[in-house]
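Values quoted throughout were computed directly from the atomic coordinates according to the rules given, and no laboratory measurement underlies them. What you see is a predicted model; the values in this text were computed from it and never measured. Cβ sites come from the backbone with ideal geometry, for glycine too, and all protein chains shown count toward neighbours.
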Amino acid sequence: MSTKKEERNQIFTDLFTGKRPSRIPVTLTMNIEAALEYYGYSMLRDLYNSKLCYEVADRLAAELDSDLIPVSPASTNAAVHRYVKNQFMVPGNDGFFQHPDISPMEVDEYPEFNKNPFEFIVNKIVPRVNKVFDTEPDLGYIRMAAAKKVVNEQYIGMNQKLSDKHERGDVSKIIAGAFAPFDYIADYIRSFSTMMLDMRRRPDWVLEACEGALAYEVSKIQALPDPQSGVFSEVFLPLHMAPYMRTKDVEKFYWPTYKKIIRAIQEKGFIPHVFYENDWSPHLDLLEDMPGMHVAKFESPAPELLAKKVPSRNVISGVYPFSIIRSGKKQEVIDEAKRIIDILGPGGNLILNPNKRFIRAADLNVENIRTFIESVREYGTY
Amino acid sequence: MDNKIVRTREELIEAYNLSEEDQVYLLDVFEKIEQEVFKMLSSHL
């Protein structure tokens with residue numbers, strides 16, 4: 001193992017074991033689509049070429065010296081979505097995929113869902129969402145499994161190869177995704193808009209559905225292989241709905257089952273890596289109630305508020321304003337890095353990471369990203 | 001054609017209404033998936 005990789009892995013090891021690392025690590029979160037567009041490739045055509053995805057991820061890693069690889073070639077399942085005709089992931093005219101706000105379950109189906117969520121998902125939700133089932137109801141799951149296997153195999157080993165070639169950290173890995181149960185119902189069973197109405201019209205059904213989704217999510221976590229020795233295996237949870245709810249509703253509908261899925265992830269030996277999307281400022285007091293340690297990435301709350309409200313047993317990530325990287329002046333990029341490090345750095349539990357994902361080439365101000373990385377290196381040493 | 005389990009390139013183009021752009025790389029992936037479907041369904045013995 002190279003010295004540079006060892007140094008990076010030691011930093012993440014220290015962070016995840018509650019020690020102050022030698023410096024603040026700096027990472028990026030990016031879609032492969034952004035990298036493809038940045039190097040002039042077409043999303044309509046080239047998004048489906050795994051070798052080109054690797055090539056652009058390799059070129060970007062050579063340009064951006066973040067502590068983990070800046071982008072994974074495998075950050076898209078575009079060919080799977082197209083093959084199974086997934087209505088949750090639909091390409092626009094330029095080939096970029098969007099998640100439409102659709103509701104595959106009607107409100108009067110809650111009792112049937114709540115009776116056996118897994119069977120309802122398998123027999124009703126998946127076939128309604130993936131239109132391959134319309135013409136071939138008996139073959140839908142075979143086609144879905146085959147598509148996932150073929151596409152997954154095309155990208156196997158690419159992240160490790162890039163990490164080794166560019167001497168990036170690889171001691172922590174996101175090995176799976178999960179959802180807060182309320183978000184799962186809102187994102188995949190009902191919809192963003194109808195879920196808020198359901199909460200008012202049939203709170204009992206919603207609460208029962210969250211418990212059902214929790215049981216399903218916990219079973220999925222328990223079915224994962226045990227964590228690999230010597231690696232911090234993370235489960236990623238993007239949180240969606242709570243910022244649109246009052247804190248008392250979050251406490252009633254969202255938090256109890258969210259806390260339980262976090263506990264289940266920890267009990268399996270994984271680290272929850274949570275993205276608190278949008279503005280969680282009104283609900284931050286709830287974090288005191290979170291079990292154990294997790295990586296908490298934030299989009300909007302002010303760093304001063306995070307310093308006060310996020311218990312120090314957790315790792316804070318995100319926070320850095322994406323908008324400054326995308327369109328700020330060089331000095332503004334430097335000043336903001338210094339400001340955040342001054343506020344959150346003393347805790348010794350910070351990963352500095354832009355607060356939003358780079359999804360398109362227009363987001364990639366590479367000069368400013370370099371300045372951001374260099375600033376954290378310069379001012380983030382303990 | 002809708003009931004055919006393993007489809008040819010031409011049948012995939014028609015079934016998915018694949019554009020010229022889709023036929024550069026996506027069609028190759030779809031063809032591999034069809035082969036995988038065959039492997040899965042023929043592994044019963």
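Remarks
- With contributions of -39500 (n - 2.57) from each DSSP H run of at least four residues, the per-residue ellipticity at 222 nm computed over chain B stands at -16500 deg cm²/dmol.
- Span-like helix check, chain A: qualifying full DSSP H segments, with Cα axial length of 24 Å or more and mean Kyte-Doolittle of 0.0 or more, are A:203-222.
- Proximal lysines relative to A:Lys356, as straight alpha-carbon distance under 18 Å, when same-chain residues fewer than 8 apart are discounted: A:Lys297
- In this label model, B:Lys4 and A:Tyr244 are separated by 4.4 nm, measuring between points 7 Å along each Cα→Cβ vector.
- According to the Cα-based calculation, Rg over Rh for the range A:207-271 is 1.03, with Rh computed by the Kirkwood formula.
- Set of the range A:2-35 residues, backbone N closer than 18 Å to the point 7 Å along the Cα-Cβ line of A:Asp164: A:2-9
- A:Arg326/A:Phe236 FRET efficiency (R0 25 Å; Cβ-Cβ; nearest 0.05): 0.60
- Listed residue pairs exceeding 18 Å between alpha carbons, taken from A:Lys19/A:Lys338; A:Lys4/A:Lys161; A:Lys220/A:Lys259; A:Lys85/B:Lys39: A:Lys19/A:Lys338; A:Lys85/B:Lys39
- Amide H partners (placed H, <5 Å) of A:Ser172, local residues excluded: A:Phe232
- Placing a label point 7 Å from the Cα of A:Leu305 along the Cα-to-Cβ direction, the residues of the range A:333-369 whose backbone N falls under 17 Å of that point are A:340, A:343-344, A:355-356.
- Estimated D of the range A:301-382 in µm² per second, where Rh is the Kirkwood radius over Cα pairs and Stokes-Einstein applies at 20 °C, 1.002 mPa s: 165 µm²/s
- Distance between modelled label sites at A:Ser312 and A:Arg59, nm, 7 Å Cα→Cβ extension: 4.6 nm
- Cut-off 13 Å (backbone N to label point 7 Å along Cα→Cβ of A:Phe96), residues of the range A:359-382: A:359-364
- Listed values for the range A:176-182 are Karplus-derived 3J(HN,Hα) couplings in whole Hz (6.51 cos²θ - 1.76 cosθ + 1.60, θ = phi - 60°), namely 6, x, 8, 9, 5, x, 4, and x replaces Gly and Pro.
- Over the range A:9-165, all Cα pairs binned in 10 Å intervals from 0 give whole-percent P(r) values of 10, 28, 27, 21, 13, 1, listed from short to long.
- Near A:Ser317, the amide H atoms lying under 5 Å from its own belong to A:Ala296, A:Lys297, A:Phe298, A:Ile351; only residues 5 or more places off or on other chains count, and H is placed 1.01 Å from N.
- Remark: spin-label model distance A:Thr3-B:Lys39 equals 4.4 nm, labels positioned 7 Å along the Cα→Cβ axis.
- For the range A:229-303 and the range A:155-208, distance of Cα centres in Å: 11 Å
- Dimensionless Rg over Rh [chain A; C-alpha; Kirkwood]: 0.96
- The GNM of chain A, with springs linking C-alpha atoms under 10 angstrom apart, assigns the highest mean-square fluctuation among A:Asp46, A:Asp108, A:Asp170 to A:Asp108.
- Spatial offset of the range A:316-382 relative to the range A:1-80 amounts to 16 Å, using the alpha carbon center of each.
- Chain B: angle of helix B:26-41 to the longest principal axis, Cα-based, in degrees nearest 10: 10 degrees
- Chain B: proportion of alpha-carbon pairs further apart than 12 angstrom, %: 60 percent
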